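Since the structure comes first, as structure tokens, the remarks are kept for the end.
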Amino acid sequence: MNLQAHLIKIKGLVQGVGFRPYVYRQASRFDIKGWVENNNEGVSIHAEATKDALLQFEAALKSEIPEAASISEFIVNEDISLRGFELFSIRKSNNLSNDITEVSPDIAVCQACLNDMKTQPHRIQYPFVNCTNCGPRFTIIKDLPYDRHQTTMQIFKLCNTCEMEYSNITDRRFHAQPVACRNCGPAYQLNGGKLFTDGNKLASILAKHIDSGEIVALKGMGGYHLVCNALNEKTVKELRLRKQRDGKPMAVMVKDITTANKYFNLTKEEVTLLTSWRRPILLLENRLSLAHAVCTGLSRTGVILPYMPLHYQLMSALNTEVIVLTSGNISDEPVIIDDREASKSLASVADQVIRYNREIYNRTDDSVAIVVNQKSRLIRRSRGYVPQPISLKLNTEGIFAAGAELVNTFAIGKGKQVIMSQHIGDLKNVETLAFFEESFTRFKRLFRFTPDLIVCDLHPDYLSTRFALEQKTQLIQVQHHHAHMASCMAEHDLDEKVIGIILDGTGLGNDGNIWGGEFFVADLNDFSRMYHYDPIPLPGGDLVTKQPWRSAFSYLYHYFGLPVFIEEAAIDLLPEEKQLPLLMQMVDQKINSPLSSGAGRLFDAVSALLGICRESSFHAEAPMRLEAAINQQCKGKYLFEVEDQKILFRKLFHQILQDINQQLPVGEISAKFHNTLIAINLHISKLIRAQFGINKVVLSGGSFQNAYLLAHTENLLKNQGFEVYSQEQLPSNDGGIALGQLAIAAKRRQTHLIEQ
Ligand code: ZN
Ligand code: ZN
Ligand code: FE
């Protein structure tokens, strides 16, 4: 027999996802000798066999990988000498010291484990079943290397049966750190009383409570959830009231994909994402209505499928097919993970509180995604995605990016990889700020990270900026929209001068004004502001985001002065007529009226003008409702002007007022407004292309979470020969900004723009 040796190097998400046992099983199948090991780069395999067997082995390795694993690089070196191994072995991890960055995200329970709940005597109906292919990971890990004693499973001693599975290399539970059974693992507890290792029994009790209209607090994978019947108007309203949740839409869980299809319109891509092991909440178009209070009149609902064993058991025990599944917290505080706190504060919201005795170590919210132009776009990147690194071509080692303030995530650089934190939230909330600081401390330990360069926003008052300043480490500050743009560039490995269209709510500009309707030419080092939306004063400052009518007032007054409020009856806009003189005075005398070119305010203004949303009860409500109102058939648009570097909206507002007077349906006005912004995106891109010969356009900023704006801008620009890049892996809102900050810092360090 003519034997050969190959050295195979595999990179990607290949650690903590059962990859080595998988390689072992494939090696046994093709009679391969040699070894497999984890190292800093990923997984390496030394394989010896006949040429045919090696080729079959490699083909199988690539095509049958564990569900949660992914291969980014598969390199075979055939120029290796034979060593004459007689066995195939899993070598002890070579180096788990400073460079390991791969901690697997949490994985939805797999089908094989769901089957085990029906067949394995020690796991009959056991709701904490898991294996190397599924189960909790990031949420339970305290330190590396990823071993049971460094997770919150530490307190559970393996029984003999589990121990055998854990140490048997051919078993699906070989080295599955959270492995457990009903004899040795965690258990659920109802209202601090009875313990349950039989999920079915617990589920049938909960189902009775939920079907009868009660609210239940249920401990999930990364935090508590609040659950109730999504078809029961009274209960959902009650939940909103008790939770002090404004009008913000709530997510729902459906039993299976068939039920999802019944209540929502799904595309092929949406089915794939909804059923993926990452299990995000996916924003789907409504088909059958749920209780109105679930998504309060918006056209999409956040939908998720079961991902923990008890979810499955509960959904089959219930009469209702759809339940609300919203985060277990009060108002805007971080989602609760602590059992005692849950019993205390969720007891006022929920009729029943269900905990389990395995600790959640890292708080992780459900991720949220939407499919636009057949591609998944993350709106919130958390459970199922974090802490999977993002690879860059730049050296990011030692850089800490503090992120923005409102939708904070932070990032750390390890080698050429960036690890983004889970969704943190609004830092202005004291508890959220504490969560930010705690998570940063944990990331430093978990990933053996010491910052030697810190990057943050230009805004001096952002709490993330203040935190960065306190660190007493070299610091650079990056303009908000340059960071948005760089986030998208980093995702797509762009490291050259490109056009950036950044449509966003608020961010501090270099001139001290508020920016957010921006057309840049930029690379990772620096940017030039080529064009921008016409800046308008915002009477009331921060108040404007809560009161969109203020933006509407300001645009009208800016373009048409006092007469518009008398002749056009636009006075209806204001909550009280007598406010008019005061508002005019504020603007005229520049009292608490900062200038803003933010796209968010333009959306606010039109939404308020159309009477869709004059007072906002949650972040970005006015733009979201304006988008939901669009009549998709309407192709019309309004006029705009470009003067010097400014895009003026005088004609747009003039025409909108005319349309309102002629009682054109709001759906058509909304469509025409959106179509105008899309036309502006093309027009300005062409102007810049003509001037600089740049053909690549990057889209980012919170306004691009508007699916209509994103889809049509992308398509139109592509039709005109542009190469268009938009955010997919990271949110286009402030949740993605840390990556951009980090990429800019890494690039500036590389080009020696930072003094060391
Ligand atoms: Zn499994
Ligand atoms: Zn056991
Ligand atoms: Fe922003």
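What is the antiparallel percent of DSSP beta bridges lying wholly in the chain, to the nearest 5?
Counting DSSP beta bridges with both partners in the chain, the antiparallel share is about 75 percent.
So if I restrict to the alpha-carbon atoms in the stretch 15-111, what is the Rg, and what is Dmax, the biggest pairwise distance, in Å?
13.9, 42
In the chain, what percent of the accessible surface is made up of carbon and sulfur (1.4 Å probe, ligands and nucleic acids excluded)?
Accessible surface attributable to carbon and sulfur in the chain totals 49 percent.
So what does the Cα-only Debye profile of the stretch 466-573 read at q = 0.14, 0.18 Å⁻¹, as log10 I(q)/I(0), no solvent term?
Result of the Debye calculation: -0.72, -0.96.
Of K414, K651, K497, K444, which has the most accessible area with a 1.4 Å probe, and how do the rest follow in descending order?
K497, K651, K444, K414
How big is the accessible area of E641 in square angstrom, nearest 10, if you roll a 1.4 angstrom probe over the protein chains?
50 Å²
Shape of the stretch 421-475 from its Cα gyration tensor (a ≥ b ≥ c, root eigenvalues): rounded if a/c is under 1.5, otherwise prolate when a/b > b/c, or oblate?
Cα axes put the stretch 421-475 in the oblate bin.
What accessible area per residue, rounded to a whole number of Å², is obtained for the stretch 3-90 using a probe radius of 1.4 Å?
Per-residue value: 45 Å².
Keeping all protein chains in place and using 1.4 angstrom, which order do K194, K718 fall into by accessible surface area, from largest down?
K194, K718
When only C-alpha pairs under 8 Å and at least 6 residues apart count, what is the relative contact order of the chain, in percent?
Result for the chain is 11 percent.
Once phi is turned into θ = phi - 60°, what whole-Hz ³J(HN,Hα) does the Karplus curve with 6.51, -1.76 and 1.60 give for every residue of the stretch 367-383, x standing for Gly and Pro?
Computed from phi, the couplings for the stretch 367-383 are 7, 10, 9, 9, 9, 10, 6, 6, 10, 6, 10, 7, 9, 9, 9, 8, 4 Hz.
Going by alpha carbons, how many degrees (0 to 90, nearest 10) lie between the helix axis of 650-661 and the longest principal axis of the chain?
Here the helix axis deviates by roughly 80 degrees.
Give me the distance in nm between label points sitting 7 Å out from Cα along the Cα-to-Cβ direction at K375 and L195, one decimal.
5.0 nm
Can you send over the solvent-accessible area of S316, 1.4 Å probe, protein chains only, in Å² to the nearest 10?
Spelled out: S316, probe radius 1.4 Å, area about 80 Å².
Spin-label point model (7 Å from Cα, Cβ direction): what's the E233 to L562 distance in nm?
4.7 nm
With a 10 Å radius around each residue's Cβ, average the other Cβ atoms per peptide and rank 671-681, 589-599, highest first.
The packing order, highest mean first, is 671-681, 589-599.
Against the globular-protein guess of 2.2 N^0.38 Å, express the Cα radius of gyration of the stretch 533-725 as a ratio, rounded to two decimals.
In units of the globular-protein estimate, the stretch 533-725 measures up at 1.03.
Residue-wise, which Karplus ³J(HN,Hα) couplings in Hz belong to the stretch 77-85, taking 6.51 cos²θ - 1.76 cosθ + 1.60, θ = phi - 60°, and x for glycine or proline?
Listing the rounded values in order: 9, 8, 9, 10, 8, 5, 10, x, 5 Hz.
Where does the chain land on Rg(C-alpha)/(2.2 N^0.38 Å)? Write out the running numbers ahead of the final one.
Working: Rg = 27.4 Å, N = 756, 2.2 N^0.38 = 27.3 Å.
Relative to the rule-of-thumb radius for its length, the chain sits at 1.00.
Can you give the Kirkwood hydrodynamic radius for the stretch 199-356, in Å, rounded to one decimal and based on Cα pairs?
It is 15.5 Å.
Sorted by accessible area (1.4 Å probe), largest first, how do L298, L195, L55 line up?
L195, L55, L298
Which value, to two decimals, describes the C-alpha radius of gyration of the stretch 393-441 once divided by 2.2 N^0.38 Å?
Working: Rg = 11.5 Å, N = 49, 2.2 N^0.38 = 9.7 Å.
It is 1.19.
On average, how much accessible surface per residue is there in the stretch 618-724, in Å², for a 1.4 Å probe, leaving out ligands, DNA and RNA?
43 Å²
The values are calculated or read from the model by the stated rules, or taken from the named source; none is laboratory data. Since the model is a prediction, treat every value here as computed from it, not as a measurement. Cβ atoms come from the backbone with ideal geometry, glycine included; neighbour counts cover every protein chain shown. When the accessible area is computed, the model is the full protein with side chains, heavy atoms only, and any ligands, DNA or RNA have been set aside. Shrake-Rupley method; radii C 1.70, N 1.55, O 1.52, S 1.80 Å.
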